[in-house]
Amino acid sequence: MSGIRTNAAAEILGVSTNTLRSWERRFDFPRPQRTAGGHRQYDLGELDALRRALMETENISSAIAMVRQRGAGPSTAAGLLDAFERFDEAAADRLMEESLAVRSVERSVEELLLVALRAIGERDGREAEFQLACRWATGWLHATRRLVPAAVRPEGVFLFDSSPRLDLESIQVQALEVALRRAGFRVLLLTTSLPQDRLLRAMRAMDPAALVLCGAGATLEVFGRVLHSLRTLDSPALLLEFRDATPVAGRHAIPSLGSKPTRAVAELLELLQDPRRSTSLLSAPAVRGTGS
């Protein structure tokens, strides 16, 4: 966890530690995160924005209102987390727009959106806030996807999403889809819960160069359906996984695209340029989990 301790935060703002904690109790701002040992960790961007606002207003309530309206300079994951915890979708929109002014879409997704979602999901008693965050993130990624220009690469990528519900893993898959589209690929994202004949029809229509197993809900039955679908294609396709989605234990022959969308795009580009790529499984994988 990144950030600075209470004493350093108070020194930046020119107040005592008691005053800083009283602001936290009264205004819920600046809101620190907690280390594993329970120590406060303040976000430096928020502190700097509050310091500048205090110089303008000389009033803490006005300064905090100003920071929340403006955002803390270059948007931070902590600021987006705060917006989720206040159920403030407008603030979340504003923070992502501010981030896009200084960061790429990919960096904004990986450095703000996914980090804030992970943080809110790890906090106890935040089920409602986490659900709001996931739904907001889905809408934001959908809107971003619609702005991506038409594909410029001939290769198609078929994403099998095994996520059983709307959660962080399903958002990771959507983020991967946006990153692949922005890299110029044709992309089709469907859930593995569809009937086999519907999946096969979609795959044959797309004729993908790669199939990527995604999500946290893949079972051996799902894995078998993916393999069966792969073998029915008229032209060879590369079978890959994202974020360790393959439900097997130990070593297996399925290449991994890593755990981040940008890394996944780079890995896929390298694999597609490798003339030795193969769709065959070199050994029978051991079972990691069970399921129907």
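Quick look at the values:
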read-out: Ratio of the Cα radius of gyration of the chain to 2.2 N^0.38 Å, where N counts its residues; value: 1.18
read-out: Between 0 and 90°, nearest 10: helix 220-231 axis offset from the chain longest Cα axis; value: 60 degrees
read-out: Segment 1-93 pair-distance distribution - Cα-Cα, 5 Å bins, rounded %; value: 3, 14, 26, 28, 19, 8, 2, 0
read-out: Residues with amide H under 5 Å from that of Phe29, placed H, sequence gap 5 or more; value: Glu24
read-out: Tail weight of P(r) past 19 Å, computed on alpha-carbon pairs of segment 151-287, percent; value: 45 percent
read-out: Neighbour net charge for Ala92 - beta-carbon separation under 14 angstrom, K R +1, D E -1; value: -4
read-out: Calculated from backbone phi, Karplus (6.51, -1.76, 1.60) coupling profile of segment 247-263 in Hz, x at Gly/Pro; value: x, 10, 9, x, 6, 8, 9, 8, x, 9, 8, x, 10, 10, x, 5, 5
read-out: Dipole-positive endmost among Val67, Ala91, Ala249 within the chain (Cβ charges, Cα centre); value: Ala249
read-out: Amide proton proximity set for Gly217, modelled H, under 5 Å, gap of 5+; value: Ser162, Ser163
read-out: Other-chain or far-sequence residues with amide H under 5 Å of Leu189's (modelled H); value: Leu159
read-out: Calculated from backbone phi, Karplus (6.51, -1.76, 1.60) coupling profile of segment 131-137 in Hz, x at Gly/Pro; value: 5, 4, 4, 5, 5, 4, 4
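Rule-based calculations on the coordinates, nothing more; no lab input. Just so it is clear, the model here is predicted, and its values are computed rather than measured. Neighbour counts run over all protein chains shown; Cβ positions are idealised from the backbone, glycine included.
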